[in-house]
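The structure under discussion appears below in the form of structure tokens.
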Amino acid sequence: MPAADRRDSQEKGFLSRMAGKETRPLAGRGTHAGELPGAEKKLHEAVCVLLVELCERFTFFGIVCNMILFCTAKLGYRGYQAAMVNMCFVGTSTLTPVLLGWLAEHLVGRVRLVCICMFLHFLGTALLPVVSFPFEDVHIDRRHILLTLPKREQKIVFYFALLTASLGIGGIRAVVCPLSAYSLEDCAPKELLSFFNWFHWLVNLNSAVVFVSISYIQQSVARNLGFLIPFVSGLMAMITVHMVRGEMIYKPKTDSSLLTTFGVIFSALRTSCARSRYFSTGCWLDLAKENHGGQYSESQVEGTKSLTRLFPLFTFQILYRTCIMQIPSGYYLQTMNSNLHFSGFFLPVAAMNVISIVPLLILVPILECINSWLFSSKDTGHSPTIYIVVGHLCAALSVMVAGFSEIHRKRFPQVEQALSKEVLLVSSMPCFHLAPQYILLGVAEALVTPSCFLLSFWLVPERMRGISMHFLALFNGAGCFMGALFVQTAHAGTQGSWFPHLLHEGKLERFFFFLASLMLVNTLGFWSIAHRYNNLYEDCTNEFRGSLPGEKLLKHEKTTKNYNAVLESSPILSPVEKT
């Protein structure tokens with residue numbers, strides 16, 4: 001029968017196209033003779049990228065963990081100045097991958113930029129030990145030698161080392177181990193959320209090791225050699241990159257860029273201002289299209305439109321990131337001014353950060369079980385916006401608890417405590433009384449960061465995912481710098497009362513209460529628009545499920561059955577035509 005044969009041939013053609021689409025090699029990684037099989041090669045590349053990521057994070061956390069103590073004890077900074085330096089370094093390390101990723105694509109080239117960034121990474125981590133190296137009396141063969149650097153030169157070397165290290169960190173993150181290198185293009189929401197959860201879990205496990213080991217070495221065992229550990233970690237990362245350079249230099253698709261995105265936005269703004277009238281035929285970004293007098297194609301403008309829908313989400317992350325930055329700034333100063341003795345053992349200051357990491361390490365497996373149960377149903381699963389709302393609320397509560405803890409801490413009598421050979425007057429309150437605020441921020445990080453990664457990655461077209469992650473990094477970096485701005489403004493505006501150098505003489509709790517009130521307003525603001533992202537998430541998930549080969553075949557079979565039913569029940573066709 002010709003109709004049946006035609007339907008069979010159409011189904012076979014459809015299946016062959018789907019099979020061809022499934023077996024198409026991933027873009028960005030070529031195949032060469034003598035290489036490992038596909039599965040082994042992908043596993044080898046993923047393990048190498050992950051090792052470089054962990055080595056780089058080891059270096060980063062090693063620099064951050066005791067920077068405030070180093071700045072106050074060695075460089076003579078006041079507490080608020082050291083907190084600002086730490087937050088600015090974190091913010092710079094967050095923004096540099098965006099800048100260096102653009103340089104790699106348009107000016108320098110990826111391989112050349114990796115070599116430059118490895119050198120900068122090596123130089124920065126090598127200069128940090130120069131800043132912290134003895135500067136104490138050294139005895140060689142009964143001769144007394146004093147190795148000193150003037151404070152001004154010491155600070156110049158220190159800032160130059162931080163800048164070069166952050167540039168090296170940014171280049172490695174942008175070129176060697178971006179999220180695109182993990183081949184996430186064909187993953188469903190469940191697999192994406194699982195990947196982001198476990199990736200965040202591994203990074204924080206690495207940071208827990210750093211905060212326990214390096215902070216103890218820097219503070220108690222070998223104070224002058226503490227920055228050598230980030231240097232060794234950076235050297236390990238560079239050796240790993242050199243060994244597998246051919247496979248790890250990921251080459252993403254080049255059909256979109258930050259310049260194109262900014263160009264679409266500015267072109268639409270310029271055109272709308274020049275016309276000085278309301279554009280009523282659609283979104284204002286449509287003014288950048290070629291058919292409306294702009295210079296950008298339909299796909300470029302539509303991709304930018306999908307990205308701008310995420311700008312409210314990114315904006316609400318700025319203040320959240322400012323709260324997270326209290327761990328290496330305000331919370332660190334609170335811990336440093338508390339009693340660090342525990343059962344005859346002197347705790348490192350940065351070891352308290354582990355308390356904020358433990359809830360994350362516990363929650364991720366629990367969240368994985370919850371997500372597996374929710375995604376096992378036949379509906380579109382659940383939107384992660386509820387996780388973000390709860391996480392923001394936990395961050396606000398954490399900062400509020402920090403304010404009450406500060407009031408509680410100042411009620412204890414003061415005792416002397418030695419930190420890096422500096423004797424300080426601190427509260428006799430045990431530092432573990434500060435644990436609740438650390439735990440709440442750890443819970444917030446476990447809920448918010450993977451969910452933001454998922455929404456930023458999932459709610460935009462595939463070609464815009466790298467740009468979306470860059471914008472998320474831009475807003476996170478803005479949150480770090482906003483934290484530094486808040487500290488400077490609070491100190492200057494209150495004449496040192498809200499963020500004092502000596503905590504027992506000031507009102508640090510007022511700064512925490514002010515930040516908590518802002519974060520509560522921020523949480524309510526995001527909750528009011530969360531339904532938009534719920535709808536977008538459901539639409540994108542339904543679209544993804546509809547594009548799966550099995551779903552397409554099921555729809556094709558249903559259409560064929562309906563067509564046959566129409567043929568059999570149609571009164572227009574004669575019995576001869578039906579046979």
Consider only pairs whose beta carbons are under 7 Å apart and that are at least six residues apart or on different chains; among these, list those whose first residue lies in region 442-461 and is under 11 Å from residue 197 (Cα atoms) and of a type in the set (Asp, Glu) and whose second residue is outside any loop (DSSP other than H, G, I, E, B) and open to solvent by 10 Å² or more (accessible area, probe 1.4 Å). 445/324
Filter pass, residue 448 being surrounded by fewer than 21 Cβ atoms within 10 Å (Cβ to Cβ) and outside any loop (DSSP other than H, G, I, E, B): no
List every residue pair whose Cβ atoms lie under 6 Å apart, where the two residues are 6 or more positions apart in sequence or sit on different chains, the first residue falls within region 363-379 and is under 18 Å from residue 390 (Cβ atoms), and the second residue, located anywhere, is modelled with pLDDT under 80 and open to solvent by less than 40 Å² (accessible area, probe 1.4 Å). 374/381; 374/382
Name the single residue that is modelled with the lowest pLDDT among those in region 463-502 being under 19 Å from the mean Cα position of the chain (by Cα) and open to solvent by 50 Å² or more (accessible area, probe 1.4 Å). 470
Just checking, does region 431-438 include any residue being in the same structural domain as residue 342 (by the TED database) and under 20 Å from the mean Cα position of the chain (by Cα)? yes
Of all residues in region 320-341, count the ones that are open to solvent by 20 Å² or more (accessible area, probe 1.4 Å) and in a helix (DSSP H, G or I). 1
How about region 55-71: which of its residues are touching a residue at least 40 places away in the same chain (Cβ under 8 Å) and more than 25 Å from residue 112 (Cβ to Cβ)? 58, 61, 62, 63, 64, 65, 66, 67, 68, 69, 70
Among the residues of region 342-362, which ones are in a strand (DSSP E or B) and touching a residue at least 24 places away in the same chain (Cβ under 8 Å)? 342, 346
Residue that is among the hydrophobic types (A, V, I, L, M, F, W, C), over 15 Å from the mean Cα position of the chain (by Cα) and within 30 Å of residue 187 (Cα to Cα), where the choices are 460, 415: 460
Among (1) part of a helix (DSSP H, G or I); (2) over 19 Å from residue 59 (Cβ atoms); (3) at pLDDT below 85, there is one condition residue 185 misses while meeting the rest; what is its number? (1)
Name every residue in region 73-99 that is over 22 Å from residue 493 (Cβ atoms), assigned to a helix (DSSP H, G or I) and out of contact with any Gly (no Cβ under 6 Å at 6 or more places or on another chain), in order of residue number. 73, 89, 90, 92, 93, 98, 99
For the list (1) closer than 30 Å to residue 463 by Cα; (2) small (Gly, Ala, Ser); (3) modelled with pLDDT of 85 or more, I need the number of the one condition that residue 161 fails. (1)
Give the residues of region 60-94 that are buried (at least 21 other Cβ atoms within 10 Å of the Cβ) and within 30 Å of residue 261 (Cβ to Cβ), sorted by residue number. 60, 87, 89, 90, 91, 93, 94
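The values are calculated or read from the model by the stated rules, or taken from the named source; none is laboratory data. Quantities reported herein were computed from a predicted structural model and do not represent experimental measurements. Cβ atoms come from the backbone with ideal geometry, glycine included; neighbour counts cover every protein chain shown. Quick note on the areas: whole protein, heavy atoms, side chains included, nothing else; ligands and nucleic acids left out. Shrake-Rupley method; radii C 1.70, N 1.55, O 1.52, S 1.80 Å.
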